[in-house]
Amino acid sequence: MKIGIIGFPGSGKTTIFESLTHNIMGNKRGTHIGTIKVPDKRVDILSDMYKPKKTIYAQIAYFLPGFQGHGKEPAKDYNIWNEVRDCDALIHVVRNFGGYGFEHPDLYNDFFNFEQEMILADLVVVEKRLERIELEKQRHRKIDQEELALLTECRKNLENEIPLRKNPDFAFAPALKGFAFVSAKPMLVLFNNEDDDDSLPDLKDISFKESCMIIRGKLEQELAQMSDEEAEDFLSEFNITASAMDRVISQSYELQGLISFFTVGEDEVRAWTIKKATFALDAAGVIHTDIKKGFIRAEVVSYEDLINAGTYHEARKSGKVRLESKTYEVQDGDIINFRFNV
């Protein structure tokens, strides 16, 4: 999973990136990517239980694109949008702090002005494609009518300043998959607050429509550089119940409808990330295409049932381990052993 961090210059994108990835950048220019382990206490406990040779956590990559704009002027060549088109989701950082050299924060306009640039970037892509389709029609070439209808609907929404994520049914239609529209991506709005401000701004026009949370970027950046013992005292002093990394990851998973299932054994304990409502057959394919191809059954026990039973053997004896077919919808926390034959 790759999440792009976007926003106006001065919003604190770099600070957020550094606090999430624990990656303090010497060179602030250019693009940066940081891949981190997704913290999951269930993986820790399963690893203690099985004592495997390897423990593998799910991973998430945060991407900070290069940005050549100044002040509140986004780059006019739309390179930033091309850079984030392959991201699975976006974090829009909005400045909510002042200080020397900064104007008073203007959250409402900052959010909507940047949103307009995103919508415009997609509109340019849609209009260029519609122009090419019109030329193909004039040359009496065969037209994909489904693509034409979907793009026309996209243009209507974008011209009405509606981001495509509000209409995922057509924005993510297979016929439009290759366009990777940026305004269609799931988005978390992250208000970057002052150190002493832990409240969510009262902006109903934004919070009613978008997934929003706050972060105190400078505090979190300091926290990322501390030892575990120092961090514990720091969290308590500033009334931070969980680190930014934990909270943003949790929100990112929820935003995209993601869950984790686990495979366990003496060789390896591993977390796998899938979408909610994924069938067992497709979950098997996440591990390996051969497992999907030769799928027979999925042997499943929930994490809670395994922990309550104490061992896999006891969970089986008490009837908590069950065999499921390929159409079983995998649940968050399922521990699965796939039976297959290739």
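Filtered by the rule that a residue be more than 18 Å from the chain's Cα centre (by Cα) and either surrounded by 20 or more Cβ atoms within 10 Å (Cβ to Cβ) or modelled with pLDDT of 85 or more (or both), segment 52-66 gives 52, 53, 54, 55, 56. Take the conditions in a helix (DSSP H, G or I), crowded, with 16+ Cβ neighbours inside 10 Å and within 25 Å of the chain's Cα centre (by Cα) and apply them to residue 222. Does it pass? Yes: the conditions hold for residue 222. Every condition in (1) of a type outside the set (Asp, Glu); (2) outside any loop (DSSP other than H, G, I, E, B); (3) touching a residue at least 24 places away in the same chain (Cβ under 8 Å) holds for residue 231 except the one numbered (3). Quick one: which residue in 144, 110 is loosely packed, with under 13 Cβ neighbours inside 10 Å and modelled with pLDDT of 90 or more? Unique residue meeting the criteria: 144. When segment 306-337 is filtered for residues that are buried (at least 19 other Cβ atoms within 10 Å of the Cβ) and more than 20 Å from residue 258 (Cβ to Cβ), the ones remaining, listed by number, are 306, 312, 315, 321. Number of residues in segment 250-294 that are in contact with a Leu (Cβ under 8 Å, 6 or more places away or on another chain), in a loop (DSSP other than H, G, I, E, B) and under 23 Å from residue 47 (Cα atoms): the value is 1.
Residues checked against (1) in contact (Cβ under 8 Å) with a residue 40 or more places away in the chain; (2) among the polar types (S, T, N, Q):
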position	(1), (2)
140	no, no
150	no, no
174	no, no
207	no, yes
216	no, no
222	no, no
246	yes, no
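Counting only residues that are basic (Lys, Arg) and either part of a helix (DSSP H, G or I) or modelled with pLDDT under 95 (or both), which one in segment 24-51 is surrounded by the fewest Cβ atoms within 10 Å (Cβ to Cβ)? The selected residue is 41.
The values are calculated or read from the model by the stated rules, or taken from the named source; none is laboratory data. Computed from a predicted model, the values in this text were never measured in an experiment. In this analysis, Cβ positions are derived from the backbone assuming ideal geometry, glycine residues included, and neighbour counts consider all displayed protein chains.
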